[in-house]
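Asker: I have a structure I would like to understand better, so I am pasting it below and will then ask my questions one at a time.
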Amino acid sequence: MRRKSPFGGSKLTALAVAVILAAAGAIVNWLQPSEPEGRRSPPSAQNRPGPALAGGIPQGSYTLTGAIVNVADGDTVTLRAPDGQRRIRMDSIDAPEEGHGAEQPGQPYAEASRKHLAGLVAGKTLTAQCYEQDQYGRDVCALILEDGRSANRAQVEAGYAWAYTARQGDYLRDKAMPDLQRQAKAAGRGLWAQQGAMQPWKWRYDCWRQRQCG
(Lines give C-alpha, C1' and ligand atoms only; values in the text may rest on other atoms or scores of the structure.)
Protein backbone atom coordinates (compact mmCIF):
# COMPACT_ATOMS: atom_id res chain seq x y z
CA MET A 1 0.00 0.00 0.00
CA ARG A 2 1.30 3.38 -0.90
CA ARG A 3 1.84 5.76 1.93
CA LYS A 4 -0.40 8.76 1.63
CA SER A 5 1.17 12.15 1.27
CA PRO A 6 1.07 14.16 4.47
CA PHE A 7 -0.52 16.85 2.39
CA GLY A 8 -3.29 14.66 1.15
CA GLY A 9 -1.81 14.16 -2.35
CA SER A 10 -3.49 17.24 -3.65
CA LYS A 11 -1.65 19.02 -6.47
CA LEU A 12 -3.08 22.29 -5.30
CA THR A 13 -1.72 21.72 -1.82
CA ALA A 14 1.74 20.83 -3.17
CA LEU A 15 1.81 24.00 -5.22
CA ALA A 16 0.89 26.05 -2.16
CA VAL A 17 3.74 24.45 -0.21
CA ALA A 18 6.21 25.26 -2.98
CA VAL A 19 5.11 28.90 -2.99
CA ILE A 20 5.48 29.09 0.79
CA LEU A 21 9.01 27.62 0.66
CA ALA A 22 10.08 30.03 -2.09
CA ALA A 23 8.75 32.98 -0.12
CA ALA A 24 10.60 31.79 2.98
CA GLY A 25 13.86 31.59 1.03
CA ALA A 26 13.39 35.12 -0.29
CA ILE A 27 12.79 36.43 3.23
CA VAL A 28 15.98 34.73 4.49
CA ASN A 29 18.03 36.30 1.69
CA TRP A 30 16.50 39.71 2.37
CA LEU A 31 17.38 39.49 6.05
CA GLN A 32 21.04 38.62 5.36
CA PRO A 33 23.44 41.59 5.77
CA SER A 34 24.64 43.16 2.56
CA GLU A 35 28.31 43.15 1.57
CA PRO A 36 30.29 45.77 3.56
CA GLU A 37 30.81 49.03 1.66
CA GLY A 38 34.58 48.79 1.70
CA ARG A 39 34.59 45.38 0.01
CA ARG A 40 32.42 46.24 -3.00
CA SER A 41 34.10 46.16 -6.36
CA PRO A 42 34.72 49.76 -7.44
CA PRO A 43 33.03 50.97 -10.63
CA SER A 44 35.17 51.00 -13.72
CA ALA A 45 37.21 54.18 -14.14
CA GLN A 46 35.94 56.70 -16.67
CA ASN A 47 37.94 59.53 -18.24
CA ARG A 48 35.33 62.22 -17.82
CA PRO A 49 36.30 65.76 -18.87
CA GLY A 50 36.51 68.22 -16.00
CA PRO A 51 34.45 71.40 -15.81
CA ALA A 52 35.49 74.21 -18.13
CA LEU A 53 37.33 77.32 -17.03
CA ALA A 54 36.31 80.86 -17.91
CA GLY A 55 35.54 81.20 -21.59
CA GLY A 56 35.17 77.46 -22.09
CA ILE A 57 38.86 76.61 -21.76
CA PRO A 58 39.02 72.88 -20.95
CA GLN A 59 40.26 72.24 -17.42
CA GLY A 60 43.47 70.26 -17.11
CA SER A 61 44.06 67.07 -15.15
CA TYR A 62 46.82 68.86 -13.22
CA THR A 63 48.24 72.37 -12.93
CA LEU A 64 51.70 73.92 -12.88
CA THR A 65 52.39 77.39 -11.51
CA GLY A 66 55.62 79.34 -11.87
CA ALA A 67 57.56 81.99 -13.73
CA ILE A 68 57.99 81.71 -17.50
CA VAL A 69 61.77 81.76 -17.85
CA ASN A 70 62.12 81.00 -21.56
CA VAL A 71 60.06 81.25 -24.75
CA ALA A 72 61.55 78.89 -27.32
CA ASP A 73 59.05 79.54 -30.12
CA GLY A 74 55.42 80.46 -30.66
CA ASP A 75 54.02 77.43 -28.83
CA THR A 76 56.74 76.24 -26.43
CA VAL A 77 57.86 77.79 -23.13
CA THR A 78 59.77 76.83 -20.00
CA LEU A 79 58.04 77.28 -16.64
CA ARG A 80 60.03 77.27 -13.39
CA ALA A 81 57.88 75.25 -11.00
CA PRO A 82 58.73 74.60 -7.31
CA ASP A 83 60.09 71.16 -8.23
CA GLY A 84 62.19 72.42 -11.15
CA GLN A 85 61.87 73.69 -14.70
CA ARG A 86 59.12 72.23 -16.87
CA ARG A 87 58.98 72.40 -20.64
CA ILE A 88 55.46 73.26 -21.80
CA ARG A 89 54.02 72.56 -25.24
CA MET A 90 50.95 74.77 -25.59
CA ASP A 91 47.83 72.75 -26.30
CA SER A 92 45.53 72.98 -29.37
CA ILE A 93 47.84 75.26 -31.39
CA ASP A 94 50.81 74.92 -33.74
CA ALA A 95 53.05 77.92 -34.41
CA PRO A 96 55.37 78.57 -37.37
CA GLU A 97 58.53 76.50 -37.07
CA GLU A 98 61.85 78.03 -36.07
CA GLY A 99 64.83 76.91 -38.15
CA HIS A 100 67.11 74.10 -36.96
CA GLY A 101 70.06 74.35 -39.32
CA ALA A 102 70.29 74.06 -43.09
CA GLU A 103 68.41 70.75 -43.17
CA GLN A 104 65.40 72.18 -41.33
CA PRO A 105 64.85 75.80 -42.38
CA GLY A 106 62.39 77.96 -40.48
CA GLN A 107 59.03 79.25 -41.61
CA PRO A 108 58.06 82.86 -42.27
CA TYR A 109 56.67 84.55 -39.13
CA ALA A 110 58.34 82.06 -36.79
CA GLU A 111 60.29 84.75 -34.96
CA ALA A 112 57.33 87.13 -35.00
CA SER A 113 55.25 84.39 -33.38
CA ARG A 114 57.86 83.78 -30.70
CA LYS A 115 58.12 87.49 -29.91
CA HIS A 116 54.37 87.88 -29.68
CA LEU A 117 54.15 85.02 -27.18
CA ALA A 118 57.11 86.41 -25.22
CA GLY A 119 55.28 89.73 -24.93
CA LEU A 120 52.34 87.90 -23.36
CA VAL A 121 54.10 85.56 -20.93
CA ALA A 122 57.85 86.11 -20.51
CA GLY A 123 58.91 86.74 -16.90
CA LYS A 124 55.37 86.40 -15.56
CA THR A 125 54.17 83.94 -12.94
CA LEU A 126 51.34 82.01 -14.56
CA THR A 127 49.33 78.83 -14.11
CA ALA A 128 49.24 76.15 -16.77
CA GLN A 129 46.22 73.84 -17.07
CA CYS A 130 47.92 70.63 -18.20
CA TYR A 131 46.42 67.54 -19.81
CA GLU A 132 49.26 65.08 -20.34
CA GLN A 133 52.91 64.73 -21.27
CA ASP A 134 53.90 64.18 -24.89
CA GLN A 135 56.47 61.76 -26.27
CA TYR A 136 59.25 64.27 -25.59
CA GLY A 137 58.37 64.65 -21.91
CA ARG A 138 56.80 68.08 -22.35
CA ASP A 139 53.70 69.03 -20.42
CA VAL A 140 50.84 69.75 -22.85
CA CYS A 141 48.93 72.69 -21.36
CA ALA A 142 46.76 75.74 -21.77
CA LEU A 143 48.74 78.68 -20.42
CA ILE A 144 46.44 81.00 -18.46
CA LEU A 145 47.27 84.72 -18.49
CA GLU A 146 46.86 87.01 -15.49
CA ASP A 147 43.50 88.27 -16.74
CA GLY A 148 42.13 84.72 -17.15
CA ARG A 149 42.54 84.52 -20.91
CA SER A 150 44.38 81.70 -22.63
CA ALA A 151 47.74 82.55 -24.19
CA ASN A 152 47.08 79.67 -26.58
CA ARG A 153 43.97 81.42 -27.88
CA ALA A 154 45.73 84.78 -27.96
CA GLN A 155 48.36 83.37 -30.33
CA VAL A 156 45.72 82.12 -32.77
CA GLU A 157 43.57 85.23 -32.45
CA ALA A 158 46.51 87.48 -33.30
CA GLY A 159 47.45 85.37 -36.32
CA TYR A 160 50.65 83.90 -34.88
CA ALA A 161 49.59 80.25 -34.65
CA TRP A 162 47.24 77.78 -36.30
CA ALA A 163 44.47 75.84 -34.66
CA TYR A 164 46.09 72.39 -34.43
CA THR A 165 43.68 70.47 -36.67
CA ALA A 166 46.10 67.81 -37.94
CA ARG A 167 45.03 64.15 -37.77
CA GLN A 168 41.35 65.06 -37.88
CA GLY A 169 41.62 67.21 -34.78
CA ASP A 170 43.30 64.66 -32.48
CA TYR A 171 45.38 67.49 -30.97
CA LEU A 172 42.53 69.99 -30.70
CA ARG A 173 41.02 70.05 -27.20
CA ASP A 174 39.96 73.70 -27.27
CA LYS A 175 37.16 73.80 -29.85
CA ALA A 176 37.20 77.61 -29.96
CA MET A 177 40.45 77.62 -31.95
CA PRO A 178 39.17 77.09 -35.52
CA ASP A 179 36.77 80.04 -35.25
CA LEU A 180 39.51 82.27 -33.83
CA GLN A 181 41.70 81.25 -36.76
CA ARG A 182 38.97 82.10 -39.28
CA GLN A 183 38.61 85.54 -37.74
CA ALA A 184 42.37 86.18 -37.82
CA LYS A 185 42.60 85.02 -41.43
CA ALA A 186 39.67 87.17 -42.52
CA ALA A 187 41.29 90.21 -40.90
CA GLY A 188 44.73 89.44 -42.39
CA ARG A 189 46.41 89.42 -38.98
CA GLY A 190 49.94 88.19 -38.41
CA LEU A 191 51.02 85.37 -40.69
CA TRP A 192 47.75 85.70 -42.63
CA ALA A 193 49.16 88.81 -44.27
CA GLN A 194 51.25 86.49 -46.48
CA GLN A 195 50.03 84.44 -49.41
CA GLY A 196 50.14 80.65 -49.23
CA ALA A 197 50.79 80.32 -45.50
CA MET A 198 51.62 76.67 -44.78
CA GLN A 199 50.57 74.79 -41.65
CA PRO A 200 53.56 73.84 -39.47
CA TRP A 201 52.68 70.13 -39.53
CA LYS A 202 52.67 70.26 -43.33
CA TRP A 203 55.95 72.24 -43.30
CA ARG A 204 57.61 69.62 -41.11
CA TYR A 205 56.66 66.91 -43.59
CA ASP A 206 57.00 68.65 -46.95
CA CYS A 207 60.04 70.79 -46.19
CA TRP A 208 61.97 68.92 -43.53
CA ARG A 209 61.30 65.35 -44.62
CA GLN A 210 60.59 65.64 -48.35
CA ARG A 211 62.91 68.61 -48.99
CA GLN A 212 60.10 70.44 -50.79
CA CYS A 213 60.07 73.77 -49.01
CA GLY A 214 58.42 75.75 -51.80
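The values are calculated or read from the model by the stated rules, or taken from the named source; none is laboratory data. Note that the structure is predicted; figures quoted are calculated from it, not measured. All Cβ positions, glycine included, derive from the backbone under ideal geometry; neighbour counts span all protein chains shown. Accessible surface areas use protein heavy atoms only, side chains included; no ligands, DNA or RNA. Shrake-Rupley method; radii C 1.70, N 1.55, O 1.52, S 1.80 Å.
Asker: What FRET efficiency do you get for A81 and Q104 if R0 is 30 Å and r is their Cβ-Cβ distance, rounded to the nearest 0.05?
Answerer: E between A81 and Q104, to the nearest 0.05, is 0.50.
Asker: Another question about this same structure. If you plug each phi of region 157-165 into the Karplus form 6.51 cos²θ - 1.76 cosθ + 1.60 with θ = phi - 60°, what whole-Hz ³J(HN,Hα) values come out, in order, with x for Gly and Pro?
Answerer: 4, 7, x, 10, 7, 9, 5, 7, 9
Asker: Is any residue of region 88-116 close enough, with backbone N under 17 Å, to a label point placed 7 angstrom from the Cα of Y136 along the Cα-Cβ axis, and if so, which?
Answerer: In region 88-116, the label zone of Y136 (backbone N under 17 Å from the point 7 Å along Cα→Cβ) covers 88-107, 110-111, 113-115.
Asker: What residue among A151, L126, P200 has its Cα farthest toward the positive end of the dipole of region 84-214, where the charges are +1 on Lys, Arg and -1 on Asp, Glu, each on the Cβ?
Answerer: Value computed over the given set: P200.
Asker: With a ≥ b ≥ c taken as the square roots of the eigenvalues of the C-alpha gyration tensor of region 104-157, please select rounded if a/c is under 1.5 and otherwise prolate if a/b is larger than b/c or oblate if it is not?
Answerer: Oblate.
Asker: With θ set to phi - 60° and the Karplus curve 6.51 cos²θ - 1.76 cosθ + 1.60, what are the ³J(HN,Hα) couplings of region 175-182 in order, to the nearest whole Hz, using x for Gly and Pro?
Answerer: For region 175-182, the Karplus-derived couplings read 6, 6, 4, x, 5, 4, 5, 4 Hz, x marking Gly and Pro.
Asker: I need to check one value: relative contact order of region 62-155, counting alpha carbon pairs closer than 8 Å and at least 6 residues apart, in percent.
Answerer: With pairs under 8 Å counted, the relative contact order is 31 percent.
Asker: For K115, which aspartates and glutamates qualify as cross-link partners when the Cα separation must be under 17 Å and same-chain residues fewer than eight apart are set aside?
Answerer: D73, D75, D94, E97, E98, E157
Asker: Carbon-plus-sulfur fraction of the accessible area of region 163-214, 1.4 Å probe, in percent?
Answerer: About 44 percent, which is the carbon plus sulfur part of the accessible surface.
Asker: Taking amide hydrogens as modeled 1.01 Å from N in the peptide plane, which residues meet the under 5 Å criterion relative to L145, leaving out close sequence neighbours?
Answerer: S150, A151
Asker: In whole Å, how far is the Cα centre of region 156-180 from that of region 83-131?
Answerer: What the calculation gives is 15 Å, centre to centre.
Asker: Right, another one. Assuming 0.36 nm per residue, please report the length gained on full extension of the stretch R182 to D206 beyond their Cα-Cα distance.
Answerer: 6.3 nm
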